[in-house]
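Just below is one structure, and these are the notes that go with it.
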Amino acid sequence: MKVARQAAESVAILAGRTLSLCCGLAGQSVALQWYADISGDTRFARRAYDRISRATQALEDTTSRKPSLGLWQGALGVALVAMSRLAGERSFPCIEPPLRDVGPAQGAAADTLFVLLAGHVETRREGAGTLGIADPGGLLAETSAFDAGVHVVSAVAR
């Protein structure tokens with residue numbers, strides 16, 4: 001938690017010269033909100049709101065210049081973060097599951113494909129134990145994209 005707090009504090013002092021989801025105000029908003037959610041520190045939630053507000057205002061100011069529509073470097077990322085916040089979502093749906101959803105659970109409906117962004121996850125099956133370990137960049141529940149069944153394994157953060 002100490003490292004997470006230091007990272008959030010570093011993001012909080014960034015000037016934020018771009019709007020992008022990648023490294024700009026929208027991305028900073030997501031990072032600050034993540035920390036606020038796990039720590040309960042509302043100061044970071046306010047900073048997250050401030051960043052996305054500034055990004056949307058700046059986007060409105062640039063409409064005469066036709067901003068890029070890209071997800072990571074353009075208006076789409078800013079709009080998605082802003083819309084998820086307006087809807088009261090605490091997660092960013094195209095990047096991460098809501099915080100209550102840790103990963104696929106054995107027997108649960110298989111309707112979501114997960115991409116592991118950081119850390120390591122064990123895949124386990126009841127009665128068989130650990131089957132494997134997924135690394136950053138790994139896919140979990142990839143058959144969900146093709147087959148609407150149930151998960152045959154559970155994923156547990158390591």
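Given a 1.4 Å probe and the protein chains as shown, Leu113 ends up with an accessible area of around 80 Å².
Evaluate the relative contact order of segment 4-54 (contact order divided by residue number), counting alpha-carbon pairs under 8 angstrom at least 6 apart; express in whole percent. Once divided by the residue count of segment 4-54, the mean separation gives 32 percent. Accessible area per residue was computed with a 1.4 Å probe on protein heavy atoms; Asp37 scores about 40 Å². Estimated at the nearest 10 Å², the accessible area of Thr130 is 80 Å² with a 1.4 Å probe. Residue order by solvent-accessible surface for Tyr49, Tyr35 is Tyr49, Tyr35, largest first, with ligands and nucleic acids left out and a 1.4 Å probe.
The values are calculated or read from the model by the stated rules, or taken from the named source; none is laboratory data. As the structure is a computational prediction, the values presented were derived from the model and not from experiment. Side chains included, ligands, DNA and RNA excluded: accessible areas come from the protein's heavy atoms. Shrake-Rupley method; radii C 1.70, N 1.55, O 1.52, S 1.80 Å.
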